[in-house]
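Below: the structure, in structure tokens.
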Amino acid sequence: MEDNKNIDITSEAEETVEVSEAKVDEVEDSEVPLDKKVRLMSPTRMVVRRFFRSKLSIIGLIMVIGLFLFSFVGPLIYTQWGEIELDESGKTEYATSEVTYTVDGKEYTVRQTTEKFLKDNFLDAPSSEHILGTDNEGYDIFVRLMYGGRISLIVSFLAVILITVLGVILGGIAGYFGGVIDNIIMRLCDVLICLPGIPILLIISTILDSSDIDAKYRIYLLMIYLTFISWPGTARLVRGQILSLREQEYMVAAEAMGYSTSRKIFKHLVPNVMPQLIVQMSLSLGSMILYEATLSYLNLGVKAPYAAWGTMINIISTNQDILQNHLNVWVPAGVCIVIAVLGFNFVGDGLRDALDPKARR
């Protein structure tokens, strides 16, 4: 009976303690009592726990998820107006004319009323019909805000993914092989960095204006050019990391086992660079959204009647009355840009802290 009681007491008192592999020795020596179990925590789980301990990371994640739901799910719920649908339910204006004529010595006056034109609902204030009102063309601002978010988020993600893929491939090859190949790729990076971005974008935009390309897809062609001139930064980061990693013991072992070059680069070297790449990608998303908004503001991106956040703000550049008296037309788009940039930066900062191997908390 006494033995059974001891067994029961011991089993109830056992607790599970999670520690990282790096601290197993310390835990075994002093930190954990003998009646507690030690369970190793995987590096991925440690990163996730560190990330969600940061309040700014959670706030940034909520911002990003909220924007995605607003932009992609919102139009499926709010179907009252379309992206390029004008509100033509304004008041009809009439023109009145009088005609005087004489019959048998008597004068008769006839008044004739004709429909002059149907007035669109321009610059309407927020109402139940239009949550954020209408712009100077009669489009629903709330709907265009959602569709503009789709353009900004999709273009930014595509551009960052392409930049990362090109940077990883070319930077990995340059860092691993070195020598002549490294010099050629790095000199190509130097040339691309020296290219003047905005003037070339102006030239490309002029060429696209004279072509038959749909205005909705122009921004994607411009982002391809931005991808072409933006990958050198990622390539240099990957190259620098691989130059230090290729001399590690595990790479010597991979060489001795006869692994192929592609396997050594993309299965052993690149995964060790991924934490830095993930952080850079999250931070680059905010910068790319600003770039896309800038292009649209300068009328180089998405053309009317299609919507983008930068295009919606572009209205104030030509109409001071809207800038001063109709804040509902351009402020919401500016707020969305700020939320997107802050959200991605908060997530990037949280990932950087969570992936830091020296972090204690």
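Out of everything in the stretch 227-265 that is in contact with a Leu (Cβ under 8 Å, 6 or more places away or on another chain) and of a type in the set (A, V, I, L, M), what residue ends up being nearest to Ile193 (Cα to Cα)?
Of everything passing the filter in the stretch 227-265, Ile229 is nearest to Ile193 (Cα to Cα).
Tally time: how many residues in the stretch 310-322 are small (Gly, Ala, Ser) and surrounded by 24 or more Cβ atoms within 10 Å (Cβ to Cβ)?
Step one: of the stretch 310-322, the residues small (Gly, Ala, Ser) are 310, 317.
Imposing the further condition that a residue be surrounded by 24 or more Cβ atoms within 10 Å (Cβ to Cβ) reduces the set to 310.
Number of matching residues: 1.
If you take the residues of the stretch 288-309 that are assigned to a helix (DSSP H, G or I) and either without any contact (Cβ under 8 Å) to a residue 40 or more places away in the chain or among the β-branched types (Val, Ile, Thr) (or both), which of them is surrounded by the most Cβ atoms within 10 Å (Cβ to Cβ)?
Here is the first cut: in the stretch 288-309, the residues assigned to a helix (DSSP H, G or I) are 288-297, 309.
Still in the running and either without any contact (Cβ under 8 Å) to a residue 40 or more places away in the chain or among the β-branched types (Val, Ile, Thr) (or both): 289, 294, 297.
Numbers: Ile289: 27, Thr294: 16, Tyr297: 20.
Checking each candidate, the answer is Ile289.
Could you tell me which of the residues Ala174, Ala215, Ala159 is at pLDDT 80 or above, in the same structural domain as Gln276 (by TED's automatic domain parsing), aliphatic (A, V, I, L, M) and under 30 Å from Tyr78 (Cβ atoms)?
Of the residues listed, the single one that is at pLDDT 80 or above, in the same structural domain as Gln276 (by TED's automatic domain parsing), aliphatic (A, V, I, L, M) and under 30 Å from Tyr78 (Cβ atoms) is Ala159.
Do we have any residue at all in the stretch 317-324 that's of a type in the set (A, V, I, L, M) and either on the phi > 0 side of the Ramachandran plot or outside any helix (DSSP H, G or I) (or both)? Show your work before the answer.
Keep residues of the stretch 317-324 that are of a type in the set (A, V, I, L, M), which gives 322-323.
Now restrict to residues that are either on the phi > 0 side of the Ramachandran plot or outside any helix (DSSP H, G or I) (or both): none.
Checked the stretch 317-324: no residue is of a type in the set (A, V, I, L, M) and either on the phi > 0 side of the Ramachandran plot or outside any helix (DSSP H, G or I) (or both).
Which strands (runs of 3 or more DSSP E) does the stretch 18-125 wholly contain that include 3 or more residues that are among the charged types (D, E, K, R), farther than 22 Å from Met146 by Cα and modelled with pLDDT under 80?
Output list reads 106-118.
The values are calculated or read from the model by the stated rules, or taken from the named source; none is laboratory data. As the structure is a computational prediction, the values presented were derived from the model and not from experiment. Here Cβ is always computed from backbone atoms with ideal geometry, including for glycine, and neighbour counts include all displayed protein chains.
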